[in-house]
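As structure tokens, the structure follows; a few thoughts come after it.
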Amino acid sequence: MAGRAPASRLQRADASARYAIVAARFNERISERLVEGARHAFAAAKIPEDRVDLYWVPGSFELPQAAYHLAVTGRYAGIVCVGVVIRGQTPHYEHVAREAAAGIRHVALATGVPTGFGVITTLDEAQAWARAGGDVGNRGEEAAAAVIEMAAFVQQLRPSKRTRRG
């Protein structure tokens, strides 16, 4: 589906929470734009820059593994995965895109840590640039906004220390 993601309805983000961005180096110039978009979303939510850690991995296929290892540390309220998969001459594109999506979903479900899918999957490089801050928006920014909103959602469900009985 083309177009921009719906605007976040987040009322207030926890500025003390830590977040991670995991970025794929394959198609690095485009990934850098996705990272910029994610950083913009964190800044717009008034999350200090020093509360967001950036990690680089070889490609989009490695994003889920890195995200899983970060999630199980318990340090992060949310993790944003960004990368670029551009169709080539072989079916390799489909395998990488499918496994990246499934793996990122698995991390979120297995760990409970909101894990955002900011991986661009396109037919050509021009489409990737359009989704990395061009006419169609920035998928890194959209994934980060979703992670921030979901982290707040998850936090709401946790009982506060004041309401626990023991």
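Quick notes on this one:
- Residue match in the range 146-161 (condition: at pLDDT 95 or above, within 29 Å of Ala15 (Cα to Cα), of a type in the set (A, V, I, L, M, F, W, C) and in contact with a helix residue (DSSP H, G or I) (Cβ under 7 Å, 6 or more places away or on another chain)): yes
- Residue within the range 76-86 that is surrounded by fewer than 18 Cβ atoms within 10 Å (Cβ to Cβ), outside any strand (DSSP E or B) and touching a residue at least 24 places away in the same chain (Cβ under 8 Å) present: no
- Leading residue by the ranking (nearest to Pro58 (Cα to Cα)) among those in the range 4-27 that are charged (D, E, K, R) and modelled with pLDDT of 95 or more: Arg25
- Of all the listed residues (Arg75, Arg39, Arg87), the sole one being basic (Lys, Arg) and within 15 Å of the chain's Cα centre (by Cα) is Arg39.
- Filtered by the rule that a residue be outside any strand (DSSP E or B) and touching a residue at least 12 places away in the same chain (Cβ under 8 Å), the range 128-137 gives Ala128, Trp129, Val136.
- Screening the range 109-127 for residues that are modelled with pLDDT of 95 or more and assigned to a helix (DSSP H, G or I) and picking the one that is surrounded by the fewest Cβ atoms within 10 Å (Cβ to Cβ) gives Leu109.
The values are calculated or read from the model by the stated rules, or taken from the named source; none is laboratory data. This one's a predicted model, so the numbers in the text were calculated from it and none came from an experiment. Positions of Cβ are backbone-derived with ideal geometry, glycine not excepted, and every protein chain shown enters the neighbour counts.
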